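Colleague: My questions all concern the structure below.
Where a number appears in this text, it was derived from the coordinates with a stated rule and is not lab data. Bear in mind that the values here come from a model prediction, so they are computed numbers and not experimental data. Every residue, glycine among them, receives a Cβ derived from its backbone with ideal geometry; neighbour counts consider all protein chains shown.
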């Protein structure tokens, strides 16, 4: 028996753009929630539509990767008729989700206090750079800024090198996940109690809290985090990248049993009993002696040869793949992590599935919407306007001036 998608029946109005916000709602949409993107018409909608290098008109591969399974309507919330449409939709929805500057939700009237008279159970989730309170709440926040401000860049890279960001936008992506978690928690409480609320999520909070155990060490014992050579773990030894004869691998010994196995595999079983190396603490204290010994061993054989031996011995290890290699990795394919949608401009678009898996059924994937593509469905079927009323809304500027990329001289509302 095919079960319904887990979030089927949940409707979310998403005043979202770019990366972090759309990333969070993407997973909700994949799980079956109806996510309706509210796109601001004067700026051309979600800026993600125009992100290079693979962008044409109002379509981009970037936008596709963040917005599949959603619907779109162009709506001017500063226009009285546009606001009217939005408020009708609030009455028929479960949540209003946004990723705007922290002070903007209150300015444009999309907080719980602004909307509770329309729907007492509405959940208003704001994902912003710095949150809705605090001295930075009115500042724009972006992933790289947060990586710098929260100390990440100071920790990343080789000792003596420049501050370095992570290879992907981890603050944005993690922020999106946290916002989705907050929204779902709010929905559960609203369904239980009949009363909604604001969810105030910030990229800053996410980035700082991800400092986690180094922060706890610092706050309680004055620990000063530093960069480590070859991406070594700050306290567990060995747990880092090692250079083999023809490339690099990662070898990890997060348990004492793995260190004993590694020492034996390397032909130095005596190391596991050596008082310099016999415990986590001793290996950490004497890492400057131990690591050169290990490096001298690993450089003698090819990476693939080492990985086969390490895996057979039950020692945690991995290759250091390129992005291309990671996408071809057999486990990537076995886990069905590459999905396809069909697009009128780009043809078959391949992208990555959501890692959020609930139940046995896999999501059905639909391409990201064209801007304002779902106006008829949203206004007529959800909000209850008839064709004449929709024409009047159009004439009075509720939807702004929506021009299809294929013909910039023509306005459309369908």
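Colleague: Can you tell me the orientation of helix 80-91 relative to the chain, as the angle in degrees between its alpha-carbon axis and the longest Cα principal axis, to the nearest 10?
Modeller: Once rounded, the angle reads 60 degrees.
Colleague: For region 344-374 and region 90-168, compute the distance between their C-alpha centroids and round to whole Å.
Modeller: Using only Cα atoms, the two centres lie 25 Å from each other.
Colleague: Want the number for residue 42 to residue 54: 0.36 nm per residue separation, take away the alpha-carbon distance, what's left?
Modeller: Length gained, residue 42 through residue 54: 2.0 nm.
Colleague: With the alpha-carbon atoms as the only input, what is the per residue convex hull volume for region 195-271 in Å³?
Modeller: Hull volume normalised by residue count: 202 Å³.
Colleague: I've got another one for you. With the crude spin-label approximation of a point 7 Å out along Cα→Cβ, what separation in nm comes out for residue 92 versus residue 318?
Modeller: Inter-label distance under the simple model: 4.5 nm.
Colleague: So how do 284, 239 line up by other beta-carbon neighbours within 10 Å, fewest first?
Modeller: 284, 239
Colleague: How do 34, 361 rank when sorted from fewest to most other Cβ atoms within 10 Å of their own Cβ?
Modeller: Neighbour counts put them in this order, fewest first: 361, 34.
Colleague: How much length would be gained if the chain were fully extended between residue 229 and residue 106, taking 0.36 nm per residue of separation minus their Cα-Cα distance, in nm to one decimal?
Modeller: So the extension gain works out to 39.7 nm.
Colleague: If you don't mind, another one. May I ask for the equivalent-ellipsoid semi-axes of region 68-227, computed as the square root of five times each C-alpha gyration tensor eigenvalue and listed largest first in whole Å?
Modeller: Taking √(5λ) for each Cα gyration eigenvalue gives 36, 17, 13 Å.
Colleague: Same structure again: Tell me, what are the semi-axes, in whole angstrom and largest first, of the equivalent ellipsoid of region 128-188 as set by the roots of 5 times the Cα gyration tensor eigenvalues?
Modeller: Details: eigenvalues 141, 46, 12 Å².
Output for region 128-188: semi-axes of 27, 15, 8 Å.
Colleague: OK, next. Looking at the chain, send over the antiparallel percent of its DSSP beta bridges, to the nearest 5. Write down the numbers at each step before the final one.
Modeller: On the way: 16 of 39 bridges.
Taking every DSSP beta bridge with both residues in the chain, the antiparallel ones total about 40 percent.
Colleague: What value does region 258-414 have for Rg/Rh, both radii from Cα atoms and Rh as Kirkwood defines it?
Modeller: My calculation of the ratio gives 1.32.
Colleague: Tell me what the chain gives for mean residue ellipticity at 222 nm when only DSSP H runs of n ≥ 4 count, each as -39,500 (n - 2.57), the sum divided by the residue total, rounded to 500 deg cm²/dmol.
Modeller: -10000 deg cm²/dmol
Colleague: Given points 7 Å out from each Cα along the Cα-Cβ axis, report the residue 391 to residue 337 separation in nanometres with one decimal.
Modeller: 5.3 nm
Colleague: How large, in Å, is the chain by the Kirkwood hydrodynamic radius built from its alpha-carbon pairs?
Modeller: Hydrodynamic radius (Kirkwood, Cα pairs) of the chain is 24.3 Å.
Colleague: Under the 0.36 nm per residue contour assumption, what length would be gained going from the current alpha-carbon distance of residue 289 and residue 191 to full extension?
Modeller: Extra length available between residue 289 and residue 191 comes to 29.3 nm.
Colleague: May I ask for the angle, rounded to the nearest 10°, between helix 256-265 and the longest principal axis of the chain, with both axes built from Cα atoms and the value confined to 0 to 90°?
Modeller: It is inclined by approximately 60 degrees.
Colleague: Arranged from highest to lowest average of other beta-carbon atoms within 10 Å per residue, in what order do the peptides 5-17, 148-160 appear?
Modeller: 5-17, 148-160
Colleague: Could you work out how far helix 287-298 tilts from the main Cα principal axis of the chain, as a 0 to 90 degree angle to the nearest 10?
Modeller: Result, in degrees: 90.
Colleague: Using just the alpha carbons, could you tell me how many Å³ per residue the convex hull of region 230-319 encloses?
Modeller: 78 Å³
Colleague: Further question: Taking other Cβ within 10 Å of each residue's Cβ, how do 320, 249 sort, fewest first?
Modeller: 320, 249
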